[in-house]
Structure formats: structure tokens, C-alpha cells
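No value in this document is a laboratory result; all are computed from the given coordinates. Since this is a predicted model, take the numbers as computed values, not measurements. FYI the Cβ positions are ideal-geometry reconstructions off the backbone, even for glycines, and counts take in every protein chain you see.
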Amino acid sequence: MKEWQANLHPETLMMSYGYNPHLSEGAVKCPIFQTSTFVFKTAEEGKAFFEVAYGLREKKPNEETGLIYSRLNNPDLEILENRLALWDKADDCAVFESGMSAITTVLLEFLKPGDLLLHSGPLYGGTDHFIQHFLPKIGIHTLEFSPLDDFDTIVDKVQDSGLAEKLAFIYIETPANPTNALIDIGLCREVADFFTEENPIRVCVDNTYMGPLWSHPLEHGADLVVYSATKYIGGHSDVIAGSVCGYKDEIIRVKALRTFLGNMAGPWTGWLLLRSLETLKVRMTQQAENAQKVAAFLQHHPKVESVYYLGLLDPEKDADAYDIYTRQYLSPGAMLSFDIKGGEAEAFKFLNNLKLMKLAVSLGSTESLVQHPATMTHAGVAIEHRKALNITEKLVRLSIGVEHIDDLIWDLNQALETV
């Protein structure tokens, strides 16, 4: 980073950081580098590039490493990773073709047969399925804790498992999808440090619901931060992507496995996300403003039983969650869920009568989206487990977009009136 850029804000740097127009025929915006391979000037240069890329040696001071092959590096991918790292104040970032490829690559890199993975619940349905159904196939043990568990309870669970010496990784999702339950990142760091003897136990946070604008997990003790970049980072429901941000040593390992799994993001994905980053703060700010008004409307509607939104946490009644919220987050965000009075039939009646909001999964896009977690995103989670996590038939999840707030409230109201 140039000296004059050091004091600029991330939303300003999203317009130009890491890109030199004079290297691309003066184009104001980064072109799409649709190429599989890159030409070396000399054989010596090619040798040097490969030595660094494959970790045969460290990069020398002031050495400029170059492009080799788009599975390893590509201008659109590298510029995107440089810009994404700014939001979380991370050393580096790795971008993938989906959020699940980012999550699974991290878990496969830092876990081996016999290890214990400690994770929070609930998790996104795809993550839950991978942890519960795939990892055990390769000999990895898993253990879940809840948002209500304190330090002693979590430590007791690990010790009671008989696998405390095998604990290798802590994976959390906060706020949890779809209930907005909060996990204390600092508490997880304390648990990791408590069980660390020789090898470090890393803490990874899925920050999709709140990042990269409203929360920065590295500041609270996390080692890695994962995103479904499809969501707020992409923000237009037109690209599938994922990313991992973190410290140098961890991201080097993540990128090394990504190279051999071949699940890096391509140039078109990189270009689309570069475009989206320019409006990230504007979009997310408007979405959060709208969500706060939607939550206030739903809170007082006679056909709504409960609303799960961080902006409605009570400092006294929800003291523990409120404490985490004020420490970890800069905004209540734009995701909320609510229990409709009734069950699946009433929820479906409401969903089927919305006119403006789109009945679709995913979140964080410019348009408002609504879905039924129990039968959609979390359908693969065991029924009893779903109920224990408060993912019931009456739960509806909303992702609030940038539409006019009066229109959103009108749509919600007219659909609720049909129930």
C-alpha cells in the first residue's frame, strides 16, 4: 500500500486499490483477464515465479512475483483479494467459486483423521451437512455447542467427549443462520487457548451475515474469517463465490490447498465482485436502515409471535446477547427472522401472498428475499436438531434489500392480512 493510501477508508480504496490503469491500456476499470496462462519474459523469471508460488523459498524484499497460470493467480483474482483483505484488516485473502468451497477447503486443510472439530449451532444447512455427514467419513470427530453455553460448559463438553487432546479447530457462525443467535468470538478464543498445548487451535468465523462491513472477527480473536461472497459482497444475485481472510500463515496454507483442489474463482467472478465492492457500503447501509424499520413493524403486528433481530435486543432481558452484540458488531444488520402465529400452513399462506418480496433462498442482495428455513435452507438438518435450535415450522427468514421502506412494509402487511 502506498503511503498516501494508508489513511484512506476501505470504501474509498474499493475504487482503485491494487490496480494500475497504465498496465491495461489506460482502462479506468480492471479488465476481465480471460486467459488460462501468462508469458514469462525469460526462463529465469519463470523459475523465480514458480519458486515462490510453490513455497520453495520466501519472496525476497522488494521482489515482484508475476503471473503464471489462472489456477494459481489472475489479475482479477489478485486485485479482488487485495481489496477484500482491507475490510477485515487481514494479511491476505483467498477467493473461491462458492462459499461452500471456501468453508470446505478451510476445514480440510486444518483437520486430519482423528481430530476433533468444535462448532457452534445452528449453522447454515450446507455447512451443517458437510460437518455432520462428510467429515465423519474421513475420521474427523465433531462436537456442537450452543449460543447459551458459557466457557465452563464448553470446556466440560470437550473434556467429557474424551477427545480434548484431539481438539484442533473451532468453527462458529455468528450471527447464526437463520435465528440470529450470537456466539462470543472472544470466548471461543479463550477455549482454544485453554486447550492449546503444542499445536495452535484455530478459530474460524463465518461472518456472512454481518461482513465485511458490520463485524471484523480478527479483532476479536479469530484466525480466519469465511464468507459466502455471493451474499453482501456480491450483492446482486448474479454471482456465486466465497472468500477466506486471515493471517499470512493460515492463508498461505489455504491457497496451497486451493491450488490443488482447483476451486479458485475465475476472472469473471473476480470482475463481478470487484464491481460490487464499489457500492458495498452504500448498499449495506441502506439495507440495515430498512431492516430496522421492518423489524419495528413486525414487532407490533398481531399475527407475529416473535421477531429475531439484533436491533431489538433488550439490554436487561437479553443481557448476555446484548453484551456480545455491542462488542462485536457495528450495526444490527439487515437479516431478521420471525415466528408467525400458527405453523407451516400459516407461514406458507404468508409467503405465497407476498407480491414485492421474492420467495427465494440466499441473502444480502439488493432485492428483498424471503424463505422458510425448516423446509428450505435447513431441510437437511435432522428434525429434532432443528427444533432444538428453534428452527420451527412457524419461522420465516427475511433478507432486506434496498427498496423503498414504505413499499416493503406495505407488502409484508398485505401478506400477513391474508393469514
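Give me, ordered by chain and number, the residues 5 or more places off G242 or on other chains with an amide H under 5 Å from its own placed amide H.
Hits under the 5 Å cutoff: F96, E97, S98, G99, A229.
Once phi is turned into θ = phi - 60°, what whole-Hz ³J(HN,Hα) does the Karplus curve with 6.51, -1.76 and 1.60 give for every residue of region 385-390, x standing for Gly and Pro?
Per residue, the Karplus-derived 3J(HN,Hα) values read 5, 4, 5, 5, 8, 6 Hz.
To check you understand DSSP bridge types, tell me what percent of the beta bridges within region 280-417 (both residues inside) are antiparallel, rounded to 5.
85
Which Cα, out of H129, F110, Y171, lies furthest along the positive dipole direction of region 78-172 (beta carbon charges, K/R +1, D/E -1)?
Most positive-ward Cα: H129.
Quick one: net charge of D115's neighbours, Cβ under 11 Å, K/R +1, D/E -1?
+1
Most exposed first by the Cβ proxy, i.e. fewest other Cβ within 10 Å, how do L274, L224, L354 rank?
L354, L274, L224
Specify the inter-centroid distance of region 295-311 and region 393-419, based on alpha-carbon positions, in whole Å.
11
Could you tell me how far the Cα centroid of region 124-174 sits from the Cα centroid of region 339-366, in Å?
So the separation of the two Cα centres works out to 32 Å.
Counting Lys and Arg as +1 and Asp and Glu as -1, each charge on the Cβ, what is the dipole of the chain about the Cα centre in debye, to the nearest 20?
Computed about the Cα centre, the dipole is about 1180 debye.
Using a 10 angstrom cutoff on alpha carbons, build the Gaussian network for the chain and name the most mobile of N74, N20, N353.
N20
Determine the percent antiparallel among the DSSP beta bridges restricted to the chain, to the nearest 5.
Percentage antiparallel, nearest 5: 55.
Under a point spin-label approximation (7 Å from Cα along Cα-to-Cβ), what is the K29-D320 distance to one decimal in nm?
Result: 4.8 nm between the two label points.
So what's the back-of-envelope 222 nm ellipticity for the chain, counting only DSSP H runs of four-plus at -39500 (n - 2.57) apiece and dividing by all residues, rounded to 500?
About -10500 deg cm²/dmol.
Candidates (i) 1.03; (ii) 0.98; (iii) 1.25; which is the computed Rg/Rh (Cα atoms, Kirkwood Rh)?
Evaluating Rg/Rh (Cα atoms, Kirkwood Rh) on these atoms matches (ii).
Counting only DSSP beta bridges with both residues in region 151-308, tell me the antiparallel percent, nearest 5.
About 40 percent, rounded to the nearest 5.
Peptides 161-168, 2-9, 387-394, 103-110: what's the order by average Cβ count within 10 Å, highest mean first?
So the peptides 161-168, 2-9, 387-394, 103-110, ranked by packing, come out 103-110, 387-394, 161-168, 2-9.
With springs only between Cα atoms under 10 Å apart, run a GNM on the chain and tell me which of G121, G380, G211 wobbles the most.
In this elastic network of the chain, the residue with the biggest mean-square fluctuation among G121, G380, G211 is G380.
Would you kindly give the portion of the calculated P(r) for region 71-277 that falls above 31 Å, as a percent of all Cα pairs?
14
With unit charges on the beta carbon (Lys/Arg positive, Asp/Glu negative), name the residue among P61, G262, S306 whose Cα is farthest towards the positive pole of the charge dipole of the chain.
G262
So how strong a dipole does region 285-410 carry about its Cα centre when Lys and Arg Cβ are +1 and Asp and Glu Cβ are -1, to the nearest 20 debye?
In total the dipole reaches around 320 debye.
Kindly put V28, V361, V205, V254 in sequence by how many other C-beta atoms sit within 10 Å of each C-beta, fewest to most.
V28, V361, V254, V205
Count charges around L261 for me, please; just the other residues with Cβ under 15 Å from its Cβ, Lys/Arg as +1, Asp/Glu as -1.
After counting each charged neighbour, the total is +2.
Running a GNM on the chain with Cα contacts under 10 Å, which residue among A256, A265, A102 ends up with the highest mean-square fluctuation?
With Cα springs under 10 Å in the chain, the top fluctuation among A256, A265, A102 is at A256.
Using Cβ counts within 10 Å as a stand-in for footprinting exposure, how do T269, T208, T12 rank, fewest first?
T12, T269, T208
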